[in-house]
Each structure stands twice: as C-alpha cells, then as structure tokens.
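K.L.:
First the structure, which I've put down as structure tokens, then a few questions once you've had a look.
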Amino acid sequence: MKTSWRSASMVVGAAAILALTTACGQGSGTSSVGSQNVGATAPAGGGYGSVGTSTGAGAGVSASPSNGYGADGQQGAASQNSPAGQLAVTQNAELGKVLTDSAGLTLYRFDEDTAEPPKSNCEGDCAKAWPPVSADDASAGAGVDKSLLGEVTRPDGTKQLTIAGWPAYRYAKDAKAGDIAGQGVGGKWFALAPTGKKATLASLPGLSVRKDPKLGDIVVDKNGMTVYRFIKDQAWPKVISNCTGSCLEKWPAVAPVDPGDTKGIEKKGLMGFTRPDGVKQMTVDCWPAYTFSDDTKPGDTNGQGVGGTWYVMAPSGKPIGAPKK
C-alpha cells in the first residue's frame with residue numbers, strides 16, 4: 001500500500017509540474033531578436049492655433065505671435081501647389097495609421113470644416129498656413145480606399161481633395177516626411193487617418209505589436225507604450241516578479257488584459273497573476289510585463305538595456321537584445 005501511495009503521489013506531482021510547464025513553458029531563454037494615447041496636443045491658441053517652430057513628430061507646439069493660423073507664412077515642403085500624387089498610409093508611433101501624400105507629408109483635417117456636405121472654412125491667411133491639397137492627380141495607394149476620395153470646389157474655383165468628405169490640408173511647418181507638427185494645433189487641426197477620421201491610437205488592443213526601426217517587433221500596451229521584461233524575474237514553475245517597492249514605481253506593472261484583447265502576441269502563458277503586494281500584473285509567456293516611467297511618449301524605448309537587466313519584450317515574451325545565457 002505504501003509503495004502504491006508513493007507511486008500515485010509521484011504521478012500526481014509530475015502531472016502538476018507538467019501542467020505548469022504547459023501553461024508557462026520554460027521561457028527562460030533569451031533572444032537577440034531586434035522595438036501609445038494620442039500624440040501631444042498643442043495648446044489652444046487664437047483663431048486656428050499659434051505655434052512656435054517645433055516640427056518633430058508629436059512635439060508639443062508652443063504659442064508664438066505668428067499670423068494666428070498656426071504658422072508665420074514661411075512655408076516649408078508643404079507647398080500649396082504640390083500635387084498629392086498617390087496617397088499612402090504610414091505608421092506613426094504616436095498616432096497610428098496616418099494618411100500622407102506621395103512625398104510622405106502628413107495630411108490634416110480641420111474641425112471647423114464640414115464633411116456632409118464637404119466644405120472648407122480655411123481661406124486667406126489660414127490657407128497659407130494650411131495649404132489645401134489639390135484634388136488633381138490624387139490617387140489611392142495601398143491601404144487607401146479610393147471610394148473615400150472626393151473633391152470640393154473652393155471659393156477661388158480650385159478643387160480640393162476630400163477624404164470621406166473632409167477637406168485635406170498639409171501644414172506649412174511640416175518640413176519633411178513624417179513630421180506631424182500640425183497635430184492638435186489650436187485644438188482644431190488633426191492628422192487624417194485613412195478613413196477620414198482623426199488619427200489616433202486610442203483604439204489599440206490591450207497588448208499589440210509595433211515595429212521599431214532598431215529593435216524589430218516589440219510589445220506595446222493599449223496606450224502604445226513599450227512593454228519590458230526584467231530578467232531577474234521568474235516564469236517557471238511559478239510566476240514571480242522581483243521588482244518591488246521603488247522598482248515598481250520606476251517600472252509600473254502592466255495590468256491584466258483579456259487574451260482576446262491582444263493582437264500579434266504569442267498566446268502561450270498570456271495571463272494575469274496577483275503579486276504578493278496585491279497588484280495584478282499581466283504576463284507574456286508567463287513573464288511579468290512592465291512599462292518604464294522614463295518613456296514619455298509612444299515609441300520611446302528608453303528602458304532598453306537599463307542596468308543590464310531590463311529589455312524590451314518581444315511578442316514571444318523574450319527579452320530583445322538580452323545576452324544569451
């Protein structure tokens with residue numbers, strides 16, 4: 001009887017360990033695989049927004065005594081007469097999918113316009129700061145629904161491109177492809193999504209994948225913020241976070257999300273657990289997930305390699321760029 005009881009206990013124990021292995025996996029390997037909400041909104045200004053000289057993506061724009069329309073009349077690459085060419089969809093770290101012209105310049109919409117019926121209310125100095133996009137030669141590229149492209153006749157008789165009815169503009173201070181200096185100017189100007197809506201990351205899943213130019217595919221949370229792994233944590237046979245106290249203030253735990261509210265993330269070990277301090281935390285491949293307090297905007301990866309223990313998390317749960325053991 002004793003022998004049978006011991007045998008049965010060993011079988012049960014082995015089964016329990018196997019169950020944990022199935023749920024969490026070994027997950028201890030490292031990888032050398034090579035990478036939020038809405039972008040910074042400009043302070044409201046008079047009329048159509050007054051901004052300084054900031055042109056960086058998502059840069060907060062500061063007030064200046066310009067012409068009252070968000071630019072001082074010195075236009076950069078966004079020439080009013082530039083043909084739109086083939087429209088494209090670009091991925092912006094702060095705003096998600098953004099509609100651009102053939103030169104990669106961001107297209108915008110104006111809250112004081114109307115889409116039904118299409119009507120532009122930006123004329124004169126406003127149109128110098130926000131050059132209307134000509135409907136001539138505009139065509140739909142990959143990811144752009146050509147049925148949403150239209151035109152509206154402006155007071156001067158020119159044809160302006162519309163997206164889902166919304167008149168499209170460039171911004172005079174966007175000097176190069178990828179600039180979104182016009183985002184949020186005066187609380188009325190916003191980058192266009194391919195659908196004609198305002199570009200935003202607000203609809204991101206709880207966890208999803210973003211392609212970083214240096215690190216490749218990385219995990220981001222619902223706000224587009226980079227997710228990290230702490231290599232001193234443990235995933236098997238029990239999930240353990242070794243980031244506590246002041247560490248957790250610097251590296252906030254990612255709250256649990258429903259596995260169905262994820263996209264592109266490996267499903268194995270995708271679950272939440274309750275830490276000894278009572279905080280509930282999400283895991284990927286059973287490894288606890290964190291964000292970094294020094295990441296101030298979507299796209300930041302300032303936590304990569306910190307202390308030789310913190311690394312951006314890959315969709316598999318592995319730490320990107322961590323030294324192999």
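The values are calculated or read from the model by the stated rules, or taken from the named source; none is laboratory data. In this text the structure is predicted, and so the values were computed from the model without any measurement. Note: ideal-geometry Cβ built from the backbone for every residue, glycine included; neighbour counts use all protein chains shown. These area figures cover heavy atoms from the full protein model, side chains too; ligands, DNA and RNA do not enter into them. Shrake-Rupley method; radii C 1.70, N 1.55, O 1.52, S 1.80 Å.
K.L.:
For Ala168, state whether it is in contact with a Leu (Cβ under 6 Å, 6 or more places away or on another chain), over 24 Å from Gly299 (Cα atoms), buried (at least 24 other Cβ atoms within 10 Å of the Cβ) and of a type outside the set (S, T, N, Q).
P.N.:
Numbers: in contact with a Leu (Cβ under 6 Å, 6 or more places away or on another chain): yes; over 24 Å from Gly299 (Cα atoms): yes; buried (at least 24 other Cβ atoms within 10 Å of the Cβ): yes; of a type outside the set (S, T, N, Q): yes.
Criteria met by Ala168.
K.L.:
Can you pull out every residue in the range 278-325 that is more than 19 Å from the chain's Cα centre (by Cα), in a strand (DSSP E or B) and closer than 22 Å to Pro237 by Cβ?
P.N.:
Listed by number, the residues that qualify are Lys280, Gln281, Met282, Thr283, Val284, Trp287, Pro288, Pro319.
K.L.:
Tell me, which residue of the range 81-92 that is open to solvent by less than 30 Å² (accessible area, probe 1.4 Å) and assigned to a loop (DSSP other than H, G, I, E, B) is modelled with the highest pLDDT?
P.N.:
Start the filter on the range 81-92 by keeping residues that are open to solvent by less than 30 Å² (accessible area, probe 1.4 Å), which leaves 84-85, 87, 92.
Applying the additional criterion that residues be assigned to a loop (DSSP other than H, G, I, E, B) yields 84-85.
Numbers: Ala84: 92, Gly85: 95.
Among residues in the range 81-92 that are open to solvent by less than 30 Å² (accessible area, probe 1.4 Å) and assigned to a loop (DSSP other than H, G, I, E, B), the one modelled with the highest pLDDT is Gly85.
K.L.:
Right, here's the next one. Considering only the range 296-303, I want to know if a residue exists there that is acidic (Asp, Glu), open to solvent by 10 Å² or more (accessible area, probe 1.4 Å) and closer than 23 Å to Glu94 by Cα. Give the derivation first.
P.N.:
As a first pass, look at the range 296-303 and keep what is acidic (Asp, Glu): 300.
Checking which are open to solvent by 10 Å² or more (accessible area, probe 1.4 Å) leaves us with 300.
So of that shortlist, the ones also closer than 23 Å to Glu94 by Cα come out as 300.
Yes, the range 296-303 has at least one match.
K.L.:
Of the numbered conditions (1) more than 13 Å from the chain's Cα centre (by Cα); (2) over 24 Å from Thr114 (Cα atoms); (3) open to solvent by less than 50 Å² (accessible area, probe 1.4 Å); (4) among the small types (Gly, Ala, Ser), Ala177 fails exactly one; give the number of that condition.
P.N.:
(3)
K.L.:
Further question: Among residues belonging to the range 246-278 that are small (Gly, Ala, Ser) and open to solvent by less than 50 Å² (accessible area, probe 1.4 Å), point out the one that is nearest to Thr309 (Cα to Cα). Break it down stepwise before answering.
P.N.:
Applying the first criterion (small (Gly, Ala, Ser)) to the range 246-278 yields 246, 253, 255, 260, 264, 269, 272, 278.
Next, from what is left, pick out any that are open to solvent by less than 50 Å² (accessible area, probe 1.4 Å): 253, 269, 272, 278.
Numbers: Ala253: 16, Gly269: 21, Gly272: 22, Gly278: 24 Å.
The residue in question is Ala253.
K.L.:
Do you know which of the residues in the range 125-141 that are touching a strand residue (DSSP E or B) at 6+ places or on another chain (Cβ under 7 Å) and in a loop (DSSP other than H, G, I, E, B) is farthest from Thr106 (Cα to Cα)? Give the derivation first.
P.N.:
First, pick out the residues of the range 125-141 that are touching a strand residue (DSSP E or B) at 6+ places or on another chain (Cβ under 7 Å): 130-136, 138-141.
Going one step further and asking which of them are in a loop (DSSP other than H, G, I, E, B), we end up with 130-131, 133, 135-136, 138, 141.
Numbers: Trp130: 11, Pro131: 12, Val133: 11, Ala135: 16, Asp136: 18, Ala138: 14, Gly141: 15 Å.
Restricting to residues being touching a strand residue (DSSP E or B) at 6+ places or on another chain (Cβ under 7 Å) and in a loop (DSSP other than H, G, I, E, B), the top hit is Asp136.
K.L.:
Please work out which residue is most open to solvent (accessible area, probe 1.4 Å), limiting yourself to the range 208-235 and to residues that are touching a Gly at 6+ places or on another chain (Cβ under 6 Å) and outside any strand (DSSP E or B).
P.N.:
Lys222
K.L.:
Working only within the range 120-146, note down all residues that are closer than 16 Å to Gln86 by Cβ and open to solvent by 70 Å² or more (accessible area, probe 1.4 Å).
P.N.:
Start the filter on the range 120-146 by keeping residues that are closer than 16 Å to Gln86 by Cβ, which leaves 133-146.
Listed by number, the residues that qualify are Asp136, Asp137, Ala142, Asp145, Lys146.
K.L.:
Scan the range 236-268 residue by residue and report those that are part of a loop (DSSP other than H, G, I, E, B) and within 20 Å of the chain's Cα centre (by Cα). Can you show your working first?
P.N.:
First pass over the range 236-268, keeping only residues part of a loop (DSSP other than H, G, I, E, B): 236-239, 241-245, 251-252, 254-258, 263-268.
Answer for the range 236-268, where residues must be part of a loop (DSSP other than H, G, I, E, B) and within 20 Å of the chain's Cα centre (by Cα): Trp251, Pro252, Val254, Ala255, Pro256, Val257, Asp258, Lys263, Gly264, Ile265, Glu266.
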